[in-house]
Amino acid sequence: MSNIGNSGVALVTGSSTGIGYETCLALARNCFVTCATMRDNKKSGDLEKIARKENLRIKIFEMDVDKDNSVCSAVEQITTEFGKINILVNNAGYGLFGAFEDFSMHEIKNQFETNVFGVIRVIREVLPTMRQQKSGIIVNISSISGLAGVPTQSAYCATKFAVEGLTEALSFELESFGIKLILVEPGIINTEFVKDLVVPSNKYGIDKNMELVNSYYESEKKKSLSIYSNMVDKFLSFYYNAMSHAPHPSLVADEIIQAIVNSSKSENEATPIRIAVGKDSKEYSKLKKELSDKDFHELLRKNLLR
């Protein structure tokens, strides 16, 4: 076990499952006091069980990143109890998958509320402590959808592009305070993310449970489908199949730990560290730089809309 954390304090959002869950375990196993935050504390059972078994310093805090008061209260509790926050991992988020025109403004606003304003809320509450310390590392979980526009993910991509721009710009503002930023761009990872997808109901031939819901295309049901159904069905079929063969979220957690180690060693380096995680993310990140916009667009069409 590494001792990189020593007595450092880490705060992770969206800790009940997936990447957040594995990141909490990885941080605690590397000797960080880990504050695992989640909207519903009832989902903390598995994490607390492992913490007890391995004698890990993990403490659960209730935090709904959509709500100012909830974020303020959780951060205040953490700073009061531990006196500092050395690492922030902004992981909380969900996916809005489907054609842009099929979503209501309410659904799109909710997507931004969690994926963008949730990140902003937590950073704003944590920054005074990190500035006072003159040190800190902020890890923002972006996505392969933050480096390339992906079919049926227009709203989701917009939120991840926003997080990428926010992170890059903040690096200039926080440089003089010794605060560093890391962008993590996972590809498809086998997590609970798929269960939390918001997909318009009864508009496509495949639903979020990976089941055919309108199988009789020649029947009257076809008339109720979205005009974008054919494209969305193709992508969802690809996505669900890829998810079943995707890497475990511990891969992302391990990359986060390594990025924290690397960032800690670079005392004068303020440029955000950008980490593509997974074979697909690394490949598309490379091709995005090498190919023309037209060729990259055609590549995504060929690979994702088969």
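Below, the figures for the structure above:
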read-out	value
Members of region 256-304 that are more than 20 Å from the chain's Cα centre (by Cα), at pLDDT 95 or above and outside any helix (DSSP H, G or I)	L291, S292
Pick from region 35-58, criterion at pLDDT below 95 and small (G, A, S), ranking: surrounded by the most Cβ atoms within 10 Å (Cβ to Cβ)	S44
In region 26-56, the residues that are hydroxyl-bearing (S, T, Y) and not in a strand (DSSP E or B)	S44
Residue check, S15 touching a Ser or Thr at 6+ places or on another chain (Cβ under 8 Å), assigned to a loop (DSSP other than H, G, I, E, B) and of a type in the set (S, T, N, Q)	yes
Selection count, region 73-90, where residues are assigned to a helix (DSSP H, G or I) and of a type in the set (D, E, K, R)	2
Residue that is surrounded by the most Cβ atoms within 10 Å (Cβ to Cβ), among those in region 241-253 that are part of a helix (DSSP H, G or I) and out of contact with any helix residue (DSSP H, G or I) (no Cβ under 7 Å at 6 or more places or on another chain)	L251
Helices (runs of 4 or more DSSP H) contained in region 104-209 and holding at least 1 residues modelled with pLDDT of 95 or more, aliphatic (A, V, I, L, M) and under 27 Å from H297 (Cα atoms)	105-112, 154-174
Unmet criterion (only one of (1) in contact with a strand residue (DSSP E or B) (Cβ under 7 Å, 6 or more places away or on another chain); (2) within 24 Å of D196 (Cβ to Cβ); (3) surrounded by fewer than 20 Cβ atoms within 10 Å (Cβ to Cβ)) for I256	(3)
Scan of region 158-183 for residues that are surrounded by 21 or more Cβ atoms within 10 Å (Cβ to Cβ) and closer than 24 Å to E113 by Cβ, ordered by number	T159, K160, V163, T167, L181, I182, L183
Boolean, F32 is surrounded by 23 or more Cβ atoms within 10 Å (Cβ to Cβ), over 30 Å from Y228 (Cα atoms) and either aromatic (F, W, Y) or modelled with pLDDT of 95 or more (or both)	yes
Residue within region 93-101 that is within 11 Å of the chain's Cα centre (by Cα) and buried (at least 20 other Cβ atoms within 10 Å of the Cβ) present	yes
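The values are calculated or read from the model by the stated rules, or taken from the named source; none is laboratory data. Being a predicted model, the structure only gives us computed values, none of them experimental. Backbone-built Cβ (ideal geometry, glycine too); neighbour counts: all protein chains shown.
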